[in-house]
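A short worksheet on the structure shown next.
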Amino acid sequence: MKINQNYLNLQESYLFRTIAQKVNAYKAEHPEADIIRFGIGDVTRPLAPAVVEAMGKAVREMGDAATFRGYDDGGVGYDFLREAIAGYYAARGVDVGADEIIVSDGAKSDVGNILDIFGSGAAAVVPDPVYPVYVDTNIMAGNKIIYAGGNESNGFLPPPPSSEAADIIYICSPNNPTGAVYSREGLAAWVDYALRSGAVILFDAAYEAFITDPGLPRSIFEIEGARRCAVEICSFSKLAGFTGVRCGYSVVPRELVSADGHPLFELWKRRQTTKFNGVSYITQRGAEAALSPEGLAQCRENIAYYRENARITGSALSKLGIEYFGGVNAPYIWLRCPDGMDSWEYFDKLLGEKNVVGTPGGGFGENGKHFFRLTAFGSRENVVRAMERIGG
Ligand code: PLP
């Protein structure tokens, strides 16, 4: 048989699998250890009551012949949810049409799957450090990766590269893992660069709900010209705790066409309706409820809870004299490993001495090698206990 040789260029193991293996090995040797896990950025708060109620109602509809539903015909999401998402943007003054939205089972799928429509051998600009899925999916697709370096001097918000022409540009703001958020001017520079080089921006807004500073953009479509060069990918995972429910969406503006005149929305819709049969009706009703005034207020209570975790973590680190970024408009705290340690060394030390698991910055790119990510998604009790242990 013939395999996709690009897969052989992938690093042996995905970051979170390596962490899990290390933790499991430690657990096997120390079965009594009470390990606090801040490794994977998973949420811990339960679904909002409005979501639970809507999903329960949808289950009952599915159990009644009169209201039962099978395949979602269009395969791009029910109108009720696409309209609710358009309304979510409109409330922020961003004009997005319901017919520009495609509902999916999450941002991770969209980030990876959308590469199908660009073909192989594209030049992809990827920030370093960033969510590792961008790198791996481009390796799988046989694309060339051009890194845009984030570091302390640019606040982990890399500007566009000066020379190389790009086909695809990834922007993640608020950033995973650094918690850094682009200003309007910062994003405008990327939009200009994309328009100049004829590239498409894939804007990952998975953490937009954590932005509370009204001066910071929550959508790329707040930037002039973005409708001609950007796709926005977003998720209910962090807004509404849907990491286990699974629902996301992409916004592809009508104006976005390839150099040879093909509307990207149509290509992406063709891809999705060919390889994906849509998100469950029950899930889509839950997502709709998350965007209702009541649902949003409940989701924001959970976000406020995580933000307080971030504040507690940040103030404990400051007391310890550990320098960090993020943690204000984002659920991630990005700290410099103490004593010049490498991030995996610090991981082993925290696991072994404090029984606390975080995420080594090196797993997010070369520029993360001396940094470490803590998430604010844990329970309050665990955040407090972990910070006491780290400080002790
Ligand atoms: N994009 C970023 C930047 C993320 O950090 C994550 C998950 O941690 C995702 C996408 C995945 O989101 P989803 O759960 O919708 O697949």
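The values are calculated or read from the model by the stated rules, or taken from the named source; none is laboratory data. Just so it is clear, the structure is predicted and the values come from calculations on it, not from any experiment. Positions of Cβ are backbone-derived with ideal geometry, glycine not excepted, and every protein chain shown enters the neighbour counts.
What the table shows:
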| quantity | calculated |
| --- | --- |
| Test set (1) within 16 Å of the ligand (Cβ to nearest atom); (2) assigned to a loop (DSSP other than H, G, I, E, B); (3) among the β-branched types (V, I, T); (4) without any contact (Cβ under 8 Å) to a residue 40 or more places away in the chain - T137 fails condition number | (2) |
| Residue under evaluation W344, criteria (1) free of Cβ contacts under 8 Å to residues at least 24 places away in the same chain; (2) part of a strand (DSSP E or B); (3) among the hydrophobic types (A, V, I, L, M, F, W, C), criterion not met | (2) |
| Exclusive hit being modelled with pLDDT of 95 or more, of a type outside the set (A, V, I, L, M, F, W, C) and within 16 Å of the ligand (Cβ to nearest atom), set S250, S292, S343 | S250 |
| All positions within region 191-222 that are within 16 Å of the ligand (Cβ to nearest atom), part of a helix (DSSP H, G or I) and aromatic (F, W, Y) | F210 |
| Out of N329, N302, sole residue that is part of a loop (DSSP other than H, G, I, E, B), surrounded by 15 or more Cβ atoms within 10 Å (Cβ to Cβ) and modelled with pLDDT of 95 or more | N329 |
| Any pair with Cβ under 8 angstrom, 6 or more apart, that starts in region 242-268 at a residue that is closer than 22 Å to G75 by Cβ and ends at one that is β-branched (V, I, T) and in a loop (DSSP other than H, G, I, E, B) | R246/V279; C247/V279; V251/V96; P253/V96; L264/V252; F265/V252; W268/V252 |
| Yes/no for A226 being among the aliphatic types (A, V, I, L, M), under 24 Å from N329 (Cβ atoms), within 16 Å of the ligand (Cβ to nearest atom) and surrounded by 23 or more Cβ atoms within 10 Å (Cβ to Cβ) | no |
| From I85, I114, residue being under 24 Å from T178 (Cβ atoms), surrounded by 22 or more Cβ atoms within 10 Å (Cβ to Cβ) and within 16 Å of the ligand (Cβ to nearest atom) | I114 |
| Flag for G244 being surrounded by fewer than 17 Cβ atoms within 10 Å (Cβ to Cβ), within 16 Å of the ligand (Cβ to nearest atom) and either assigned to a loop (DSSP other than H, G, I, E, B) or at positive phi (or both) | yes |
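Quick grid of which residues meet (1) of a type in the set (D, E, K, R); (2) assigned to a loop (DSSP other than H, G, I, E, B); (3) under 30 Å from N151 (Cα atoms):
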{"site": "A259", "(1), (2), (3)": "no, yes, no"}
{"site": "L267", "(1), (2), (3)": "no, no, no"}
{"site": "T274", "(1), (2), (3)": "no, no, no"}
{"site": "G314", "(1), (2), (3)": "no, no, yes"}
